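S.K.: Structure below; questions to follow.
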Amino acid sequence: MTAPVPAELDASAAVLAARRPGERFFCLELPERERFVLAALGTAAQIELSGRDRFGAAAAGARGLAGRTVGAESGEDPSAPPAAGPVLVGGFAFASAGGAAPEWASFGAGRLVLPELSLARRGDEARVTVNLGIDGDEDPEALLERARERLDELVPAPMPVLDPDPVERTRVAGAAPPTHYESAVARAVERIKAGELEKVVLAREVRAHAPQDHDPAPVYDALRAAFPECYCYCVGTGEAAFLGASPELLVRRDGARAQTVALAGTTRRSADPAVDDYLGEQLLRSSKDREEQSIVARRIERTLRPVSVWVTASPDPGLVRVQNVQHLATAIRAQLAEPLSALELAGLLHPTPAVGGEPREAAEPLIPALEGLDRGWYAGGVGWTDLADDGEFCVALRCALLRGSVAHLYAGCGIVRDSVPAEELAETEVKLEALLPLLS
């Protein structure tokens, strides 16, 4: 059942305050897009994503779940925000066998959850949805009591705040020495110059060891305040939380329309507007960054064309500016010729060369060999899909996995022919600044 709630309710704060020990939760916000929020608690049903065909199997599982779901159709409420009604929330790892490292154990290769309770808002419209998984033998009154208990736990609540001056300091250390990353970049450039591939994205991991367990709530609150133009997300398993602020859309599906963004090429920001504009102009004129960006855009267009009536892209990249960095970006839209779901489109596009490489077949085995780490959900996807196959997933970037007192932070760079190892290492440091100050 879905019903209106006051739009002024801070949905993420209410959900994070009401989470029970050990239960799954989910928050996704895009503040600059009409204050869009989707926040969810508990598990009424779930679908695991695993194996090479994990997206196709998940899409089939979602359609099967839709056939077993009884409730009001979302189309009956034309003013309802996107993601109102029953939705599956969650995400997936970068690799089909990703999430095997101990810190990622509760995430695995991917998981979508139909929550017991979800809140969706856009603009001045907000809805709450309650989902009950029924085994057939439960008393109707007991089911209603379960729903009432869940709703009663959802009350307005403030977000906890970060301690601005902790007594004990957090220790920050790379999972591997910086020279390891520079060496990996140098070896990738050698492969590219030898003609084995055009581009490969390489990431590194940094860990923040705190004196006490990391609390995802105040970190998430700080992210959504600092990055209103980004997808701010927090996925909790009860054991760990994966959160971040990503500027990159993987795919959005609304009926027969699909949207995505080719994002590649990065430079820093400046507090001086004149310097900031100068840095942006330099990025737009950079042959190295333009090459990196065009590789991504061409692959996305080539991938969408066989399943679309038409595909259109901006003729030239523009700038996407977030708090600490700015990127080259090309918006891409398509009219679908086939009824592909949001999950199937995500599987078709993932991984784009913005997080993987080109050609894909050459880059994929090279990435773990050079990085020496399990990316887990870093550079995978986080988002939602409804039971009509619409939905939206962002690329999970600018992120950290919080597990106990250890935070695992990830940042990567696109390596092309002209990449310089020291410069790529410096770029990862800039990207890590999205989260590292909040965690240390």
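The values are calculated or read from the model by the stated rules, or taken from the named source; none is laboratory data. As the structure is a computational prediction, the values presented were derived from the model and not from experiment. Don't worry about glycine lacking a Cβ; one is built from the backbone with ideal geometry, like all the others, and counts go over all protein chains shown. Side chains are part of the model used for accessible areas, which takes the heavy atoms of the whole protein and leaves out ligands, DNA and RNA. Shrake-Rupley method; radii C 1.70, N 1.55, O 1.52, S 1.80 Å.
S.K.: With (1) more than 22 Å from Glu182 (Cβ to Cβ); (2) in a helix (DSSP H, G or I); (3) within 20 Å of the chain's Cα centre (by Cα) as the list, and Glu361 as the residue in question, which single condition is left unmet?
M.R.: Failing condition for Glu361: (3).
S.K.: Does the stretch 228-248 contain at least one residue that is in contact with a helix residue (DSSP H, G or I) (Cβ under 6 Å, 6 or more places away or on another chain) and among the acidic types (Asp, Glu)? Before you say what the answer is, go through the steps one by one.
M.R.: Narrowing the stretch 228-248 to residues in contact with a helix residue (DSSP H, G or I) (Cβ under 6 Å, 6 or more places away or on another chain): 232, 234, 241, 243, 245.
Among the residues that remain, those that are also among the acidic types (Asp, Glu) are: none.
No, because not a single residue in the stretch 228-248 is in contact with a helix residue (DSSP H, G or I) (Cβ under 6 Å, 6 or more places away or on another chain) and among the acidic types (Asp, Glu).
S.K.: Since Val296 meets every condition but one in (1) open to solvent by less than 30 Å² (accessible area, probe 1.4 Å); (2) at pLDDT below 90; (3) in a helix (DSSP H, G or I); (4) farther than 15 Å from Leu249 by Cβ, which condition does it not meet?
M.R.: Result: Val296 fails condition (4) only.
S.K.: Looking at the stretch 311-324, can you tell me whether even one residue there is surrounded by fewer than 21 Cβ atoms within 10 Å (Cβ to Cβ), touching a helix residue (DSSP H, G or I) at 6+ places or on another chain (Cβ under 6 Å) and in contact (Cβ under 8 Å) with a residue 60 or more places away in the chain?
M.R.: Yes, there is a match, as at least one residue in the stretch 311-324 is surrounded by fewer than 21 Cβ atoms within 10 Å (Cβ to Cβ), touching a helix residue (DSSP H, G or I) at 6+ places or on another chain (Cβ under 6 Å) and in contact (Cβ under 8 Å) with a residue 60 or more places away in the chain.
S.K.: Tally up the residues in the stretch 214-243 that are more than 28 Å from Gln326 (Cβ to Cβ), touching a strand residue (DSSP E or B) at 6+ places or on another chain (Cβ under 6 Å) and at pLDDT below 95, please.
M.R.: 1
S.K.: Only residues in the stretch 122-147 that are at positive phi count as the first member; pair them with residues that are assigned to a loop (DSSP other than H, G, I, E, B) and at pLDDT 85 or above, Cβ under 7 angstrom, at least 6 apart or cross-chain, and list the lot.
M.R.: If the second residue must be assigned to a loop (DSSP other than H, G, I, E, B) and at pLDDT 85 or above, the pairs left are Gly123/Glu34; Gly123/Arg35.
S.K.: While we're here: How many of the residues in the stretch 219-245 are in contact (Cβ under 8 Å) with a residue 60 or more places away in the chain and over 18 Å from Trp104 (Cβ atoms)?
M.R.: Within the stretch 219-245, the subset in contact (Cβ under 8 Å) with a residue 60 or more places away in the chain is 219-224, 226-245.
The next check asks that each one be over 18 Å from Trp104 (Cβ atoms); those that pass are 219-224, 226-232, 245.
The total comes to 14.
S.K.: What number of residues within the stretch 159-200 are outside any loop (DSSP other than H, G, I, E, B) and closer than 30 Å to Pro211 by Cβ?
M.R.: So the count comes out to 8.
S.K.: Continuing with this model, one more query. From the set of residues in the stretch 53-69 that are more than 13 Å from Phe92 (Cβ to Cβ) and assigned to a loop (DSSP other than H, G, I, E, B), which is most open to solvent (accessible area, probe 1.4 Å)?
M.R.: Per the criteria, the residue is Arg68.
S.K.: Still on this structure: Please work out if Tyr410 is touching a Cys at 6+ places or on another chain (Cβ under 9 Å), crowded, with 24+ Cβ neighbours inside 10 Å and either assigned to a loop (DSSP other than H, G, I, E, B) or free of Cβ contacts under 8 Å to residues at least 12 places away in the same chain (or both).
M.R.: Considered against the rule, which asks whether it is touching a Cys at 6+ places or on another chain (Cβ under 9 Å), crowded, with 24+ Cβ neighbours inside 10 Å and either assigned to a loop (DSSP other than H, G, I, E, B) or free of Cβ contacts under 8 Å to residues at least 12 places away in the same chain (or both), Tyr410 comes out as no.
S.K.: Something else: Collect the residues in the stretch 261-279 that are of a type outside the set (A, V, I, L, M) and either open to solvent by less than 50 Å² (accessible area, probe 1.4 Å) or touching a Cys at 6+ places or on another chain (Cβ under 6 Å) (or both), keeping them in residue-number order.
M.R.: In the first step, residues of the stretch 261-279 are kept if they are of a type outside the set (A, V, I, L, M); the result is 265-270, 272-273, 276-278.
Hits for the stretch 261-279 are Gly265, Thr266, Thr267, Ser270, Asp276.
S.K.: Does Thr303 satisfy the criteria of being open to solvent by 10 Å² or more (accessible area, probe 1.4 Å) and either in contact with a strand residue (DSSP E or B) (Cβ under 6 Å, 6 or more places away or on another chain) or in a loop (DSSP other than H, G, I, E, B) (or both)?
M.R.: Spelling it out, it is not the case that Thr303 is open to solvent by 10 Å² or more (accessible area, probe 1.4 Å) and either in contact with a strand residue (DSSP E or B) (Cβ under 6 Å, 6 or more places away or on another chain) or in a loop (DSSP other than H, G, I, E, B) (or both).
S.K.: Among the residues of the stretch 111-123, write down those that are open to solvent by 20 Å² or more (accessible area, probe 1.4 Å) and within 16 Å of Ser12 (Cα to Cα). Don't jump to the end; show me each part of the working.
M.R.: Kept after step one, since they are open to solvent by 20 Å² or more (accessible area, probe 1.4 Å), are these residues of the stretch 111-123: 111, 116, 121-122.
Once the filter is applied, which keeps residues that are open to solvent by 20 Å² or more (accessible area, probe 1.4 Å) and within 16 Å of Ser12 (Cα to Cα), the stretch 111-123 yields Glu116, Arg121, Arg122.
S.K.: Yes or no: Thr129 within 24 Å of Leu425 (Cβ to Cβ), surrounded by 15 or more Cβ atoms within 10 Å (Cβ to Cβ) and not aliphatic (A, V, I, L, M)?
M.R.: Values: within 24 Å of Leu425 (Cβ to Cβ): no; surrounded by 15 or more Cβ atoms within 10 Å (Cβ to Cβ): yes; not aliphatic (A, V, I, L, M): yes.
Judged against the criteria, Thr129 is not a match.
S.K.: When the residues of the stretch 300-339 are narrowed to those that are touching a Leu at 6+ places or on another chain (Cβ under 6 Å) and among the small types (Gly, Ala, Ser), which ends up modelled with the lowest pLDDT?
M.R.: Among them, the one singled out is Ala329.
S.K.: For Thr330, are the conditions met, namely being surrounded by 16 or more Cβ atoms within 10 Å (Cβ to Cβ), part of a strand (DSSP E or B) and out of contact with any Cys (no Cβ under 7 Å at 6 or more places or on another chain)?
M.R.: When the stated conditions are applied, Thr330 passes them.
S.K.: Also: What's the number of the condition Asp165 fails, among (1) open to solvent by less than 80 Å² (accessible area, probe 1.4 Å); (2) among the acidic types (Asp, Glu); (3) free of Cβ contacts under 8 Å to residues at least 60 places away in the same chain?
M.R.: Among (1) open to solvent by less than 80 Å² (accessible area, probe 1.4 Å); (2) among the acidic types (Asp, Glu); (3) free of Cβ contacts under 8 Å to residues at least 60 places away in the same chain, the lone unmet condition for Asp165 is (1).
S.K.: OK, next. Can you tell me which residues in the stretch 1-49 are of a type in the set (Val, Ile, Thr) and open to solvent by less than 10 Å² (accessible area, probe 1.4 Å)?
M.R.: From the stretch 1-49, those of a type in the set (Val, Ile, Thr) are 2, 5, 15, 37, 43, 47; that's our starting set.
Once the filter is applied, which keeps residues that are of a type in the set (Val, Ile, Thr) and open to solvent by less than 10 Å² (accessible area, probe 1.4 Å), the stretch 1-49 yields Val15, Val37.
S.K.: Then there's this: Do you know which residues across the stretch 168-200 are more than 30 Å from Val15 (Cβ to Cβ), hydroxyl-bearing (Ser, Thr, Tyr) and open to solvent by less than 70 Å² (accessible area, probe 1.4 Å)?
M.R.: Matches in the stretch 168-200: Tyr181, Ser183.
S.K.: Of all residues in the stretch 74-104, how many are open to solvent by 20 Å² or more (accessible area, probe 1.4 Å) and either assigned to a helix (DSSP H, G or I) or without any contact (Cβ under 8 Å) to a residue 12 or more places away in the chain (or both)?
M.R.: Residues flagged as open to solvent by 20 Å² or more (accessible area, probe 1.4 Å) and either assigned to a helix (DSSP H, G or I) or without any contact (Cβ under 8 Å) to a residue 12 or more places away in the chain (or both) within the stretch 74-104 amount to 6.
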